[in-house]
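Let me begin by presenting the structure, written as structure tokens, before commenting on it.
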Amino acid sequence: MQPANNIYMQRRAAVARHIGPGGVAIVPTAPERNRNRDSDFLYRHDSYFYYLCGFTEPHATLVISGDGHSTLFCQPKDREREIWHGLRVGPEAAPAQLGVDAALSSAELDTQLPPLLDGREAVWYPFATHAGLETQIDGWLSKLRARVRYGTLCPQQQRDLCGVLDEMRLLKDTHEQAIMRRAGQISAGAHVRAMQLCARMLRAGQEVREYHLDAELLHEFRRHGSQAPAYGSIVAAGANACVLHYRADAGRVNDGELVLIDAACELDGYASDITRTFPANGRFSGAQRTLYELVLASQEAAIAATKAGARFTDPHDAAVRVLAQGMLDVGLLDKNKVGSVEDVIEQRAYFAFYMHRTGHWIGMDVHDCGAYTEPSEIGQVSTRKDALTGEVIKDRPARILRPGMALTIEPGIYVRPAADVPERFHNIGIRIEDDAIVTATGCELFTRDVPVGVAEIEALMRAQ
Ligand code: GLY
Ligand code: MN
Ligand code: MN
């Protein structure tokens with residue numbers, strides 16, 4: 001057994017303790033997904049499944065009994081299939097390699113699941129996550145029920161496993177933190193390369209397209225062993241940066257414009273998530289610098305608010321306050337129309353230029369699992385407003401940050417042309433995004449190997 005398998009054994013043991021001796025948990029991995037005709041998308045395992053056994057092959061299901069016994073159903077060895085698609089671990093080798101107690105062929109799932117469910121009080125599985133799983137479980141339960149006259153006992157409860165796993169995944173252990181730091185380093189290096197390439201090509205009089213920078217990112221991710229980008233890379237030149245979910249495309253990167261890159265790699269099942277915005281030619285113009293420094297100041301305020309004991313919403317509120325004041329100061333918002341900073345916040349006038357949240361959990365999934373409400377306080381009398389919709393949320397206080405939680409900090413400003421907006425700011429889109437692990441005293445930013453300061457970015461883009 002590999003030493004890392006201890007981690008998965010400990011996680012499975014924690015699940016077993018949670019569901020109790022009368023429970024049984026079923027966790028399938030992700031299906032393969034067809035891209036077109038007979039080509040599939042690059043396979044990506046299910047995060048819950050991987051969290052519990054570290055296994056990356058498709059067509060696998062993990063079953064954990066409440067007494068702690070684990071059974072992996074996996075693809076059987078098959079010489080011909082393995083010649084075409086690669087080696088399989090197979091049920092015989094799986095216990096030694098993965099540390100599971102038993103392994104069977106996935107072809108045996110339908111015959112073996114009913115006996116594994118027999119006599120259990122509750123069957124646990126991730127609700128609303130795997131298309132068709134409920135139907136499969138119904139099938140296994142109905143097989144059991146058909147044999148009640150022979151003494152079988154059907155589970156009486158179905159329980160959602162997501163909540164249990166989400167709470168576990170919310171706190172990143174040292175093994176996870178180490179992988180995330182490395183993913184952050186690789187991604188930061190990729191941003192550095194893209195920035196430098198951009199300035200170098202423009203200096204050489206070459207045409208730069210968004211895809212040139214995207215290629216540089218991918219090259220850096222892969223050459224350091226990342227399996228894939230953690231999400232669809234955004235490489236947005238000029239006005240494209242004002243489209244929040246723009247994808248790296250073929251837009252021309254013009255001298256004098258900003259480039260927004262939101263791209264990062266996935267490494268060994270863990271995401272990173274970085275955004276940098278930089279001047280294509282390596283020098284910020286006056287208007288670009290004004291807004292950039294405002295976004296950076298708002299990020300610094302959000303970082304200062306990210307610490308154990310604070311609420312998940314505190315970094316956002318801190319960023320919004322700085323942005324709102326700055327929008328008044330630089331003339332994006334007219335004091336005579338919108339009033340004071342308190343009015344801007346209360347009436348959400350800043351929303352015209354800042355329309356997303358300041359962060360999200362990050363981990364195996366870029367927008368990682370985990371409730372944003374504090375579980376220990378659900379039902380306590382409280383009122384807050386949702387940052388995005390402004391809707392009043394009653395009696396569900398925001399999550400309290402604890403050491404080991406990981407989240408992004410990513411304020412921005414996006415200025416679409418409008419008659420009442422100073423022209424020098426038109427089409428400027430800026431976001432600055434870093435990833436943080438909450439510590440006892442503050443937070444550790446693990447994506448700062450790419451600079452954020454104006455002077456540092458300009459120096460980096462001059463240096464080749
Ligand atoms: N790249 C996705 C996000 O920033 O949320
Ligand atoms: Mn993000
Ligand atoms: Mn991002």
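Quick check on D160: is it in contact (Cβ under 8 Å) with a residue 60 or more places away in the chain and under 30 Å from G232 (Cβ atoms)? Step through it out loud before you land on a result.
On the way: in contact (Cβ under 8 Å) with a residue 60 or more places away in the chain: no; under 30 Å from G232 (Cβ atoms): yes.
Answer is no for this residue.
Might you check whether a residue that is within 16 Å of ligand 2 (Cβ to nearest atom), hydrophobic (A, V, I, L, M, F, W, C) and over 18 Å from A459 (Cα atoms) occurs anywhere in the stretch 283-301? Steps first, answer last, please.
Filtering the stretch 283-301 down to residues within 16 Å of ligand 2 (Cβ to nearest atom) leaves 295, 298-299.
So of that shortlist, the ones also hydrophobic (A, V, I, L, M, F, W, C) come out as 295.
So of that shortlist, the ones also over 18 Å from A459 (Cα atoms) come out as 295.
Yes, the stretch 283-301 has at least one match.
Among what's in the stretch 350-366 and is surrounded by fewer than 22 Cβ atoms within 10 Å (Cβ to Cβ) and more than 16 Å from P411 (Cα to Cα), pick the residue that is nearest to ligand 2 (Cβ to nearest atom).
Among them, the one singled out is V366.
For the stretch 393-413, give me each residue that is in contact (Cβ under 8 Å) with a residue 60 or more places away in the chain and more than 16 Å from ligand 3 (Cβ to nearest atom). So that I can check it myself, show each step before the final result.
Taking the stretch 393-413 first, the residues in contact (Cβ under 8 Å) with a residue 60 or more places away in the chain are 397-413.
Scanning the stretch 393-413 gives P397, A398, R399, I400, L401, R402, P403, G404, M405.
Just give me the residues in the stretch 414-425 being in contact (Cβ under 8 Å) with a residue 60 or more places away in the chain and either away from ligand 2 (no atom under 16 Å from the Cβ) or under 17 Å from the mean Cα position of the chain (by Cα) (or both), in sequence order.
Of the stretch 414-425, the ones in contact (Cβ under 8 Å) with a residue 60 or more places away in the chain are 414-416, 420-422, 424-425.
The answer is V415, R416, D420, V421, P422, R424, F425.
Take the stretch 366-413 and flag every residue that is part of a strand (DSSP E or B), closer than 22 Å to A436 by Cα and not hydrophobic (A, V, I, L, M, F, W, C).
Pass one, the stretch 366-413, residues part of a strand (DSSP E or B): 373, 383-385, 392-394, 398, 400, 405-409, 412-413.
Of the ones still in play, those that are also closer than 22 Å to A436 by Cα are 373, 398, 400, 405-409, 412-413.
Selection gives T373, T408, G412.
Looking only at the stretch 158-196, filter to residues that are farther than 30 Å from G66 by Cβ and β-branched (V, I, T); which one of those is nearest to the chain's Cα centre (by Cα)?
So the first thing to find is which residues in the stretch 158-196 are farther than 30 Å from G66 by Cβ, and the list is 178, 180-196.
In the following step, the residues that additionally are β-branched (V, I, T) were identified as 186, 192.
Values: I186: 16, V192: 22 Å.
Checked the stretch 158-196; the qualifying residue nearest to the chain's Cα centre (by Cα) is I186.
Just name the residue that is farthest from ligand 3 (Cβ to nearest atom) out of those in the stretch 367-392 that are of a type in the set (D, E, K, R) and surrounded by 11 or more Cβ atoms within 10 Å (Cβ to Cβ).
E377
What helices (runs of 4 or more DSSP H), lying completely within the stretch 157-237, carry at least 3 residues that are out of contact with any strand residue (DSSP E or B) (no Cβ under 6 Å at 6 or more places or on another chain), more than 18 Å from Y48 (Cα to Cα) and at pLDDT 95 or above? Don't jump to the end; show me each part of the working.
Numbers: elements: 162-170, 174-203, 210-223.
Passing ranges, in order: 174-203, 210-223.
Quick one: how many residues across the stretch 367-389 are within 16 Å of ligand 2 (Cβ to nearest atom) and modelled with pLDDT of 95 or more?
Count: 5.
Looking at (1) within 16 Å of ligand 2 (Cβ to nearest atom); (2) in contact (Cβ under 8 Å) with a residue 40 or more places away in the chain; (3) part of a loop (DSSP other than H, G, I, E, B); (4) not charged (D, E, K, R), which is the one condition that is false for H245?
The failed condition is (2).
Please work out if L244 is touching a strand residue (DSSP E or B) at 6+ places or on another chain (Cβ under 6 Å), more than 15 Å from I409 (Cα to Cα) and within 16 Å of ligand 3 (Cβ to nearest atom). Show your work before the answer.
Values: touching a strand residue (DSSP E or B) at 6+ places or on another chain (Cβ under 6 Å): no; more than 15 Å from I409 (Cα to Cα): yes; within 16 Å of ligand 3 (Cβ to nearest atom): yes.
When the stated conditions are applied, L244 does not pass them.
The values are calculated or read from the model by the stated rules, or taken from the named source; none is laboratory data. Only a predicted model underlies this, so the values are computations on that prediction, with no experimental measurement involved. FYI the Cβ positions are ideal-geometry reconstructions off the backbone, even for glycines, and counts take in every protein chain you see.
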